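Notes to accompany the following structure.
Quick note: the coordinates plus some simple rules give every number you see, no bench work behind them. Note that the structure is a prediction, hence the values are computed from the model and not measured. Every residue, glycine among them, receives a Cβ derived from its backbone with ideal geometry; neighbour counts consider all protein chains shown.
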Amino acid sequence: MNLIVAVDNNWGIGYRNELLISIPNDHRHFRQETTGKVVVLGRRTLDTFPQGLPLKNRTNIILSGNPDYKVKDAVVVHSIEELMEELKKYNDEDIYVIGGDSVYRQLLPYCNVAHVTRIDHEYMADAHFPNLDDDEEWEITADSDEQTYFDVSYRFVKYERR
């Protein structure tokens with residue numbers, strides 16, 4: 001299973017249910033990685049999408065603790081066990097965890113590849129991703145050239161579980 005995330009220098013990923021910064025090339029990278037694939041996300045992350053609708057051209061699986069929660073054009077599961085059962089229907093390489101922070105933390109142990117946009121800046125953040133640089137189970141296997149968006153530099157880093 002994969003995950004895809006954008007982090008700042010402190011591994012921050014969001015503030016008040018919003019991304020820290022919107023970088024068009026990062027969104028393009030996200031679309032290229034996930035279109036035609038399976039995305040796994042939490043209900044609060046879905047709420048941040050335009051009109052709160054599932055992403056087009058992907059199988060959306062929403063993890064929610066609310067047993068009455070339903071979403072048109074998405075699969076809703078209510079536990080990690082139920083999610084794992086649902087994910088058996090798909091090829092492991094085609095599954096992408098896309099947030100938010102609690103979903104990342106719960107599913108990180110099941111992921112073998114992390115596509116991380118490393119943003120060289122420190123933002124005010126109230127949601128964080130675990131620091132993979134400090135985790136000996138993970139190693140960098142690909143690192144793009146530095147890119148810039150206005151005055152912010154970033155790069156695409158691929159981590160793989162050792």
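Apart from one condition, E122 fits all of (1) more than 18 Å from V152 (Cβ to Cβ); (2) out of contact with any Gly (no Cβ under 7 Å at 6 or more places or on another chain); the exception is (1). For the range 87-95, the condition holds for at least one residue, the condition being that it is in contact with a helix residue (DSSP H, G or I) (Cβ under 8 Å, 6 or more places away or on another chain), in a strand (DSSP E or B) and touching a residue at least 24 places away in the same chain (Cβ under 8 Å).
If Y15 satisfies all but one of (1) in contact with an Asp or Glu (Cβ under 6 Å, 6 or more places away or on another chain); (2) over 28 Å from S144 (Cα atoms), what's the number of the condition it fails? It is condition (2) that Y15 fails. Sort out which residues of the range 16-47 are surrounded by 15 or more Cβ atoms within 10 Å (Cβ to Cβ) and among the hydroxyl-bearing types (S, T, Y), and write them in order of number. T34, T45, listed by residue number. Candidates L19, L55: the one that is of a type in the set (A, V, I, L, M) and under 21 Å from D73 (Cβ atoms) is L55. Can you say whether S64 is in contact with a helix residue (DSSP H, G or I) (Cβ under 8 Å, 6 or more places away or on another chain) and free of Cβ contacts under 8 Å to residues at least 40 places away in the same chain, as far as the supplied structure shows? Here the answer is yes, as S64 does meet what is asked.
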